[in-house]
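Before any comments, here is the structure.
Taken together, the values in this text are just the output of simple stated rules run on the coordinates, not laboratory data. Source: prediction; values computed, not measured. Every residue, glycine among them, receives a Cβ derived from its backbone with ideal geometry; neighbour counts consider all protein chains shown.
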Amino acid sequence: MDPQAPYREFFFRYLTAAFAIPLGIYHFAVAGDYFERKYLRRLKERNETFFAVAAHDCFTSDDFWRVMDGLPLPDIEAFSTAPVMESTYVFARNPSQEKKMVFVQRVCFRGIIQFYCFDLMNGLHHGHAPCVCQNCERYFLTRSGHKPKYCSGMAPQDGRLTCRQYGAMMHQKEQNKQHPVYRIFSTLTNTIRKHHHRGKISDELREEALRLAETYRDKALLDNGYAADGYVHDMEQETLYAQARARLAQGEKP
């Protein structure tokens, strides 16, 4: 606390930053979320023109600024469409060719939200915009006019797959559910499992009936003629049970 202490200024600058940075992150997160939900998500196309119109409409709307003014300590690290920065050039070695020197632009910002605001506008200018992953619900940047549903981060449901891979897999499963062949198969196999659970059929009959249903399903997927004529008949509950019992009696193996 001594006014003459050599590190006094540094210490208070450190305290100011420690207090202001979390506020800046929070204020920007609220602004970015509002911008994406209310404007970017509705865009028919994702290019610089549409981004510029969306940014103009959002950041000049009374509702947006009403939301921002309602945040805790709104005047500290406040969101801005005109971030303040200082730019200069320094000299450095070329990262790929150490014997060569290059000019490097150095940009300094007065606060963290100034950097975030500049980065957002710069990204929109070059066709990059925030988007919400429909799987993990985290934000990511789109890099083209196409708006992907999923990010390339790891899926929280399965650490071996990205959200994009997991989403494609679930989409395929959803399509399979709507396929007539899969729909009949799913209904019948659910019935078989219920009958087994209630003690209406034995373990052996359950396993054989499920194997037979899988055989008929695969045949129907490969043979359109069979799918149109014989599949529905073969997949009737009593017909399938009769075939399964006959196979068990004959000792057939799948």
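Here are the numbers for this structure:
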read-out: Paramagnetic reach from ASP57 (point 7 Å along Cα→Cβ, amide N under 19 Å) across segment 108-130; value: 121, 124-125, 127-130
read-out: Gain on full stretching of the segment that runs from GLN165 to LYS38 - 0.36 nm per residue minus C-alpha separation; value: 42.9 nm
read-out: Per-residue [θ]222 nm for the chain (sum of -39500 (n - 2.57) over DSSP H runs n ≥ 4, rounded to 500); value: -18000 deg cm²/dmol
read-out: Cβ-based charge dipole, the chain, positive-most Cα from PHE140, ASN190, ALA244; value: ALA244
read-out: Cα-centre dipole for segment 1-84 with unit charges at Cβ (Lys and Arg positive, Asp and Glu negative), debye to 20; value: 300 debye
read-out: Cα gyration tensor shape of segment 82-149, rounded if a/c is under 1.5, else prolate or oblate by comparing a/b with b/c; value: oblate
read-out: Size of electric dipole in segment 26-137: Cβ of Lys, Arg +1 and of Asp, Glu -1, about Cα centre, debye, nearest 20; value: 520 debye
read-out: Amide N proximity, segment 113-140 versus ASN47 label position 7 Å along Cα-to-Cβ, cut-off under 16 Å; value: 124-129
read-out: Calculated FRET value between ASP119 and LYS149, using beta carbons and R₀ = 22 Å, to 0.05; value: 0.35
read-out: Listed candidates (i) -0.76, -0.97, -1.22; (ii) -0.44, -0.77, -1.23; (iii) -0.50, -0.82, -1.17 - label of the one calculated as log10 I(q)/I(0) by the Debye sum over Cα atoms at q = 0.10, 0.13, 0.16 Å⁻¹; value: (i)
read-out: Net length gained if the chain between ALA228 and MET68 were fully extended (0.36 nm per residue, minus Cα distance); value: 51.5 nm
read-out: Among SER152, ALA129, ALA31 - extreme Cα towards positive end, dipole of the chain, charges at beta-carbon; value: SER152
read-out: VAL90-ASP158 FRET efficiency (beta carbon distance; Förster radius 35 Å; 0.05 resolution); value: 0.20
read-out: About the Cα centre, charge dipole magnitude for the chain (Lys/Arg +1, Asp/Glu -1 at Cβ), debye; value: 480 debye
read-out: Spin-label pair GLU238/ALA29, simplified geometry with 7 Å Cα→Cβ offset, distance in nm; value: 6.2 nm
read-out: Cα-based Rg of segment 8-132 normalised by 2.2 N^0.38 Å, two decimals; value: 1.28
read-out: Two-site FRET efficiency, ASN190 against LEU248, from Cβ-Cβ distance with R₀ of 22 Å, rounded to 0.05; value: 0.55
read-out: Approximate spin-label separation MET101-GLU9, in nm, with each point projected 7 Å along Cα-to-Cβ; value: 3.0 nm
read-out: Positive dipole terminus of the chain, leading residue within ALA220, TYR89, LEU120 (C-beta point charges); value: ALA220
